[in-house]
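Enquirer: Shown below is the structure under consideration.
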Amino acid sequence: MQKDSAMIVTFFGHSHFSKAKEYKQKIIDLLLSEVCDTPVNFYLGGYGDFDTLAYECCKKYKEQHPEASLIFITPYITEEYDRNHLRYYRAKYDDIFYPELEKIPPKFAIVYRNRWMIEKSDLVICGITHDFGGAYKTYLYAKKKKKKIFNITDWDT
């Protein structure tokens with residue numbers, strides 16, 4: 001369950017993300033050093049390779065910190081989407097949250113959902129490997145909002 005006074009850590013990255021295994025322990029170590037024992041809500045997107053890596057790292061962190069919450073931030077809320085997808089997410093996450101994007105056309109819903117996640121976040125962890133696409137635009141938005149950002153691919157340099 002989402003905790004109101006908790007730190008919010010948001011994850012986003014490219015849907016095609018290789019070398020995930022190489023980054024897993026580094027992300028967990030980053031969470032341990034940045035979050036420590038602070039109550040935390042992990043905001044997760046749930047799509048693509050990077051989101052899978054982020055979920056696995058947060059799940060591992062939660063094994064040692066059971067008060068942490070894994071929250072799927074859904075960009076859609078329709079009966080069909082609920083029937084086909086949200087049942088799956090309810091089994092994996094502690095909570096599902098919809099940031100009220102009804103007035104946003106579905107093809108832009110993920111972009112607006114990502115911006116909402118950035119605005120709410122205290123810490124951003126991302127996997128950006130190239131300078132185009134939705135994840136890159138979200139990265140630029142996080143920089144514009146002066147968020148504390150860790151791009152894990154910077155660890156390669």
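Enquirer: Counting only protein heavy atoms, what percent of the accessible surface of the chain is carbon or sulfur at a 1.4 Å probe?
Expert: For the chain, the apolar C and S fraction of the accessible surface comes to 51 percent.
Enquirer: Could you give the nm distance between label points at HIS16 and ASP154, where each point is 7 Å from its Cα heading toward the beta carbon?
Expert: Placing both labels 7 Å along Cα→Cβ, they lie 2.6 nm apart.
Enquirer: Take a quick pass over region 64-157 and tell me how many lysine pairs come in under 20 angstrom between Cα atoms, counting only ones 8 or more apart or on separate chains.
Expert: 13
Enquirer: Using a probe radius of 1.4 Å on heavy atoms only, what accessible surface per residue do you get for region 43-157? Whole Å² is fine.
Expert: 57
Enquirer: Taking Cα pairs under 8 Å and at least six residues apart, what relative contact order does region 3-61 come out at, in percent?
Expert: That works out to 52 percent.
Enquirer: Same structure again: Scan region 38-127 for trypsin sites (Lys or Arg not before Pro) in coil per DSSP, keeping those whose Cβ has at most 10 other Cβ atoms within 10 Å, and list them by number.
Expert: Qualifying residues, ordered by number: LYS103.
Enquirer: Same structure, new question: Name the shape class, rounded, prolate or oblate, that the alpha-carbon gyration tensor gives for region 101-144, where a ≥ b ≥ c are the square roots of its eigenvalues, rounded holds for a/c under 1.5, and otherwise prolate holds if a/b is larger than b/c and oblate otherwise.
Expert: Oblate, because a/c is 1.5 or more while a/b does not exceed b/c.
Enquirer: Let me ask something else about it. Nearest 20 debye, what's the magnitude of the dipole of the chain about its Cα centre given +1 on Lys and Arg Cβ and -1 on Asp and Glu Cβ?
Expert: Charge dipole, the chain, about its Cα centre: 360 debye, nearest 20.
Enquirer: Also: Full extension from GLU63 to LEU32: what is 0.36 nm times the residue separation minus their Cα-Cα distance, to one decimal in nm?
Expert: Full extension of this stretch gives 10.0 nm more.
Enquirer: Give me Rg/Rg_expected for the chain, where Rg uses Cα atoms only and Rg_expected = 2.2 N^0.38 Å with N residues.
Expert: 0.98
The values are calculated or read from the model by the stated rules, or taken from the named source; none is laboratory data. Quantities reported herein were computed from a predicted structural model and do not represent experimental measurements. Heads up, the Cβs are rebuilt from the backbone with ideal geometry, glycines too, and the neighbour counts pull from every protein chain shown. With ligands, DNA and RNA removed, areas are computed over all heavy atoms of the protein, side chains included. Shrake-Rupley method; radii C 1.70, N 1.55, O 1.52, S 1.80 Å.
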